[in-house]
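Have a look at the structure below before the remarks.
The values are calculated or read from the model by the stated rules, or taken from the named source; none is laboratory data. The model shown is predicted, which means the values in this text are computed figures rather than measured ones. Cβ: placed from backbone, ideal geometry, glycine included. Neighbour counts: every protein chain shown. Heads up: the accessible areas ignore ligands, DNA and RNA and are worked out on the full protein's heavy atoms, side chains in. Shrake-Rupley method; radii C 1.70, N 1.55, O 1.52, S 1.80 Å.
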Amino acid sequence: MKRILAAFLCACLLVLPAAAVTGAPETEAGSAVLMEKETGTVLYEDHAHDKLEPASVTKVMTLLLVIEAIDSGRLKLDDMVTVSARAASMGGSQVYLKEGEQMTVDDMLKAVAVVSGNDAAVALAEHLAGSESAFVERMNQRARELGMEDTNFLNCTGLPAAGHLTSAYDIALMSRALIGHAKIREYTTIWMDTIRDGQFQLANTNKLVRFYEGCTGLKTGSTDSALYCLSATAERDGMELIAVVMKSPTSAQRFESAKSLLNFGFANYTLLDIQPDAAIPPVEVSLGTLDQVQPILGQGSRILVDRNELNEVTTELRLTDNVEAPVEQGQKLGEMVVSVGGQERQVIPLVADQAVERLTLPGIFAKFVKQLFMAG
């Protein structure tokens, strides 16, 4: 079932026609992807499925599992995490946790999201799953659920390990899932903060948080073999984009490449609220306590369009002529087809705005008599 769900989710992700936009962002990276968060549409890709080392961008998945545990109530921000000897022994980026030291989940999250603390990541993994290996099993399971077919996690940190690989596309998928949790922004948008009651300073490794308008995160990573990686997210005018770059030669180039991707997306695309071109007429109801029922849009009607096509968006209503009672609230009565430049882009269900009960025999008789009286 999970494989079927993953396949369905992948199928739901759209790729806009490349011909709609001229030019392309300039990137200095081994692979790159630009994705729009709400629809999952890929706006640009370059070697998107190459399996590469993600370095600490791995921690997007670590953060996702932790924030999901918090949102589900299995973990609380004020829970105390006790640091194991193994967690304290992690090298690379760290906040120098000591064996036996205790720190809240809140501060551990800061340590991971802001300064990419490997020791804090392992401490959280052990606290949540009992061991890092058990946590990694959950990471790979969640990756499969998200349709991340290029991914194999071996640890929760991104420290070098043969076979620990993912792709820019898969990073975009898990980044999309992570920023779907509003709580994570409280951590990924921190520029400077402290832990240990103000005794230890934190400064975000993601420089875009300070220097790029609308930046919402998300995660940096670098090792000698992975080079410089980044999943950068930003929101402007109600549209949030995910820019992933992997294997950039320098730290500066990864940030410039991400900015180029984001600038390209914001300059060329927008999310448009769609409304019918004409008023939606009511649908006749037979044998009902009401003669008509009003169709309404059954879901959100925002679509992603190339800014050059804003004047080419049209809608077409396809409604059933009549329906027999009983009618349930939310029952499908038709659909609104949204087209851009003459090509069908989205189908939005039209549903009943209220329930209509079926007439009883006495009710049918009373209605008949009333019609006779009015006719007379």
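So which of P276, P295, P282, P249 ends up being modelled with pLDDT of 95 or more, of a type outside the set (F, W, Y), under 32 Å from the mean Cα position of the chain (by Cα) and closer than 30 Å to E324 by Cα? Spell out how you get there, then give the answer.
Numbers: P276 fails: modelled with pLDDT of 95 or more; P282 fails: under 32 Å from the mean Cα position of the chain (by Cα); P249 fails: closer than 30 Å to E324 by Cα.
That would be P295, the only listed residue that is modelled with pLDDT of 95 or more, of a type outside the set (F, W, Y), under 32 Å from the mean Cα position of the chain (by Cα) and closer than 30 Å to E324 by Cα.
Does A161 count as modelled with pLDDT of 95 or more and either assigned to a helix (DSSP H, G or I) or acidic (D, E) (or both)?
Working: modelled with pLDDT of 95 or more: yes; either assigned to a helix (DSSP H, G or I) or acidic (D, E) (or both): no.
Taking the combined requirement at face value, the residue does not satisfy it.
Conditions tested, residue by residue: (1) more than 24 Å from R142 (Cβ to Cβ); (2) touching a Cys at 6+ places or on another chain (Cβ under 6 Å); (3) among the basic types (K, R); (4) open to solvent by 10 Å² or more (accessible area, probe 1.4 Å).
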position	(1), (2), (3), (4)
M174	no, no, no, no
H181	no, no, no, yes
T189	no, no, no, yes
I195	yes, no, no, no
V209	yes, yes, no, yes
K219	no, no, yes, no
L227	yes, no, no, yes
S248	yes, no, no, no
S260	yes, no, no, yes
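Give the residue that is nearest to V122 (Cα to Cα), with candidates limited to residues of the range 45-63 that are open to solvent by less than 10 Å² (accessible area, probe 1.4 Å) and touching a His at 6+ places or on another chain (Cβ under 8 Å). Before you say what the answer is, go through the steps one by one.
Just the residues of the range 45-63 that are open to solvent by less than 10 Å² (accessible area, probe 1.4 Å), to begin with: 48, 54-55, 57-63.
Add one more test, that the residue is touching a His at 6+ places or on another chain (Cβ under 8 Å), and what stays is 54, 58.
On the way: P54: 17, T58: 12 Å.
Out of the qualifying residues, it is T58.
List the pairs whose first member sits in the range 205-216 and is in a loop (DSSP other than H, G, I, E, B), whose second member is open to solvent by less than 20 Å² (accessible area, probe 1.4 Å) and among the β-branched types (V, I, T), and whose Cβ atoms are under 6 Å apart, counting only residues at least 6 apart or on separate chains?
T205/T220; N206/T220
State yes or no: is M108 part of a helix (DSSP H, G or I), over 23 Å from H164 (Cα atoms) and open to solvent by less than 10 Å² (accessible area, probe 1.4 Å)? If you could, list the steps in order and put the result at the bottom.
Working: part of a helix (DSSP H, G or I): yes; over 23 Å from H164 (Cα atoms): yes; open to solvent by less than 10 Å² (accessible area, probe 1.4 Å): yes.
Judged against the criteria, M108 is a match.
So which of G117, G147 is over 16 Å from I67 (Cα atoms), under 17 Å from the mean Cα position of the chain (by Cα) and open to solvent by less than 10 Å² (accessible area, probe 1.4 Å)?
Numbers: G117 fails: under 17 Å from the mean Cα position of the chain (by Cα).
Sole residue among the options that is over 16 Å from I67 (Cα atoms), under 17 Å from the mean Cα position of the chain (by Cα) and open to solvent by less than 10 Å² (accessible area, probe 1.4 Å): G147.
Taking the range 24-51 on its own, how many of its residues are of a type in the set (S, T, Y) and in contact with a Pro (Cβ under 8 Å, 6 or more places away or on another chain)? Give the derivation first.
At the first step, the residues of the range 24-51 found to be of a type in the set (S, T, Y) are 27, 31, 39, 41, 44.
Now drop any that are not in contact with a Pro (Cβ under 8 Å, 6 or more places away or on another chain), which leaves 44.
The total comes to 1.
Got a sec? Which of H127, H164 is open to solvent by 40 Å² or more (accessible area, probe 1.4 Å) and either among the acidic types (D, E) or more than 27 Å from S260 (Cβ to Cβ) (or both)?
Numbers: H164 fails: open to solvent by 40 Å² or more (accessible area, probe 1.4 Å).
Criteria check complete, one pass: H127.
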